[in-house]
1. Loop-only check: which chymotrypsin sites (Phe, Trp or Tyr not before Pro) in the range 1-110 are DSSP coil with at most 14 other Cβ within 10 angstrom?
2. In a shell of Cβ-Cβ distance under 12 Å around F160, excluding F160 itself, what net charge do Lys and Arg (+1) and Asp and Glu (-1) give?
3. For V28, what residues show an amide H to amide H distance below 5 Å, using hydrogens built from the backbone and excluding near sequence neighbours?
4. Could you derive backbone 3J(HN,Hα) for the range 36-47 from the dihedral phi with the Karplus parameters 6.51, -1.76 and 1.60 (θ = phi - 60°), listing whole Hz in sequence and x where the residue is Gly or Pro?
5. Tell me which residues come under 5 Å, amide H to amide H, from F103 once H is placed; ignore anything under 5 positions away on its chain.
6. When the dipole is taken about the Cα centre of the chain, and only Lys, Arg (+1) and Asp, Glu (-1) are charged at their Cβ, what size is it in debye, to the nearest 20?
7. Counting only other residues whose beta carbon sits under 9 Å from that of H147, what net charge do I get with K and R as +1, D and E as -1?
8. Normalised by the residues of the chain, what does the relative contact order come to in percent, with Cα pairs under 8 Å and at least six apart?
Amino acid sequence: MARILVVDDEKTIAKGIKFALEKENYEVSVAYDGAEALRIFQEEKPDLIVLDLMLPVIDGFDVCRRIRKKSDVPIIMLTARGEDIDKILGLELGADDYMTKPFNPRELVARVKAILRRSQMQAVDPANMQTIRLQDLQIDLFQHKVHVRGKDVDLTSKEFALLSLLASHPGRVFSREELLEHVWGYDYYGDARTVDVHIRHLREKIEPDPSAPQLILTVWGAGYKFREEKNV
């Protein structure tokens with residue numbers, strides 16, 4: 001049974017989410033401020049977090065930032081403002097999805113199911129162990145590790161999935177819609193900007209000069225591709 005942490009200072013909303021998730025047989029804990037959320041996260045190690053941005057004590061952005069330093073647990077961010085900058089910042093900090101209040105609890109439950117299903121399917125079969133190398137980049141598909149210029153690079157689960165997909169098909173152009181389907185799933189409710197944000201963040205971690213990428217290339221009007229080179 002998956003354990004979910006719901007973080008929202010509006011108790012009516014938090015209890016409504018808890019009720020909807022428990023109807024689907026999830027085990028749910030609730031926190032009403034950021035500090036309590038971090039404490040429960042450390043103690044219970046949830047499988048997914050539903051995280052409001054506007055929290056007392058420690059806001060949702062900082063909660064997400066601190067969790068991402070330790071864990072790739074899926075995070076769905078909630079925002080009441082509906083401002084694009086909030087969504088983009090949340091994605092840059094490592095959130096997997098976002099929802100704008102007010103929302104239908106059934107849609108939230110559907111997103112929770114989809115994200116948990118994808119996270120369970122991301123385990124790599126040892127029989128397919130493979131390492132991809134290009135210049136100073138090395139990707140260990142089995143151990144989910146990336147080395148750049150001899151140093152370990154910490155990637156979120158979505159960043160690693162994006163990099164692995166592109167690098168496994170050098171030269172092939174993937175549209176944003178295809179990347180959404182492969183990495184986030186066919187039932188993902190977000191938009192193409194999710195891909196752009198993650199690609200930009202990924203470039204900042206692996207490219208010598210993110211403003212002039214050499215590995216993950218933009219194909220204008222089409223999408224993205226990984227640099228094609230023999231013996232990749």
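Every number in this text was worked out from the coordinates using simple rules, so none of it is lab data. Here the structure is a predicted model, which means the values were calculated and not measured. No Cβ is skipped: glycine too gets one built from the backbone with ideal geometry, and neighbour counts run over all protein chains shown.
1. Numbers: sites: F19, Y26, Y32, F41, F61, Y98, F103; in loops: Y26, Y32, F103.
Within the range 1-110, the qualifying chymotrypsin sites (Phe, Trp or Tyr not before Pro) (loop, at most 14 other Cβ atoms within 10 Å) are F103.
2. On the way: positive: K145, K158, K205; negative: D72, D140, D154, E159.
Within the 12 Å Cβ shell, the charges total -1.
3. I4
4. 5, 4, 5, 5, 5, 4, 5, 7, 9, 6, x, 8
5. So F103 has HN proximity to no qualifying residue.
6. Roughly 380 debye for the chain.
7. Working: positive: K145, R149, K151; negative: D136, D140, D152.
For residues surrounding H147, the net value is 0.
8. Numbers: 358 pairs, mean separation 31.5, N = 232.
Contact order relative to length: 14 percent.
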